[in-house]
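Reviewing the structure listed below.
Read-outs throughout are calculated quantities, based only on the coordinates presented, and are distinct from any laboratory measurement. All values reported here derive from a predicted model rather than from experimental measurement. We place every Cβ from the backbone using ideal geometry, glycine too, and count neighbours over all the protein chains shown.
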């Protein structure tokens, strides 16, 4: 089975962390985000992957070729970013074969094997409080989608599209996206995958809505840390340290140095980082970063960054209150 993974985005909302690397190359729980996505598609039986690259795509290509060379890989380059539909088109082929499409900056809580076992087209959906921010699916009593709307002002459903799609015949989707482009049908200035799927429904194709447990978009610092927390709790964590207190789950690289610290929960410390005299929770520490005498929570520390505080000695009696700013 083939998979298409759009991964061409710039990641503006994650700057400065995406100034030197694309969003899908951020380290979460000891592995680049694109690595977690590829592990997921492999679990579904995928052996051929098209990764749509753009911004700093050479980094994605180098990483994936190094660690996933056992897959059949290609890296179509999206020169102009004209929307998700346009990106997916770069990977579609004129073949009567199924294809799994999932976003390269999203972590899914789903049984992938079960998802691709569907005998019809399928789209993953999740119930959300505010559907106006998402593509939305309206369904009938048999869970078949009757209408897809991209970011509706007045949604008739609370089922948001989660960014994972299983298409039985990729030629049909390819033709639908090509029609969007030929007729210049855009929503919010872009060629939307949602609109192409709606064309498929209008032409008689059945698409099933499959509700999943959840998904974690990595577009902002807050959502990135949510994804990080999920991955650490669902993967084996490591606890290599010396003279420190560890509260799992955490990932500490074998070549990181951690001393006299309290680490965790939900912390990643990448290769070559040096952390001493620190208390870290819900934090990602990049490769080669240095942290000394700091208390950090809900923080992102980039590669080779230096973050240093000052040790203090205090003598505080009973019922006292000390505030250090």
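A few comments on the model shown:
- Straightening the chain between residue 98 and residue 279 buys 60.3 nm, computed as 0.36 nm per residue apart minus the Cα-Cα spacing.
- Computed over the chain, relative contact order equals 15 percent, with contacts defined as Cα pairs under 8 Å that lie 6+ residues apart.
- Highest-fluctuation residue, 32, 188, 72 considered, GNM on the chain with Cα pairs under 10 Å: 188
- A simple packing score, the average count of other Cβ atoms within 10 Å per residue, orders the peptides 169-181, 122-134 as 169-181, 122-134, with the highest score first.
- Residue 80-residue 129 FRET efficiency (beta carbon distance; Förster radius 35 Å; 0.05 resolution): 0.55
- With the helix formula -39500 (n - 2.57) applied to DSSP H stretches of n ≥ 4, the chain reaches a computed 222 nm mean residue ellipticity of -6000 deg cm²/dmol.
- Alpha-carbon centroid distance for the pair region 178-200 / region 99-168, whole angstrom: 17
- Rounded to 10°, Cα long-axis angle of helix 193-202 versus longest principal axis of the chain: 30
- Gain on full stretching of the segment that runs from residue 144 to residue 15 - 0.36 nm per residue minus C-alpha separation: 42.5 nm
- Rg/Rh ratio calculated on Cα atoms of region 100-218 (Kirkwood radius): 0.93
- What separates the Cα centres of region 9-66 and region 270-287 is a distance of 22 Å.
- On Cα atoms only, tilt of 170-182 relative to the major axis of the chain in degrees: 90
- In Å, descending, principal axis extents of the Cα set of region 237-308: 24, 22, 18
- Counting only alpha carbon atoms, the long axis of helix 33-43 and the longest principal axis of the chain meet at about 50°.
- Peptides 139-148, 93-102, ordered by how many other C-beta atoms sit within 10 Å of their residues on average, highest first, read 93-102, 139-148.
- For 50, 299, order by how many other beta-carbon atoms lie within 10 Å, fewest first: 299, 50
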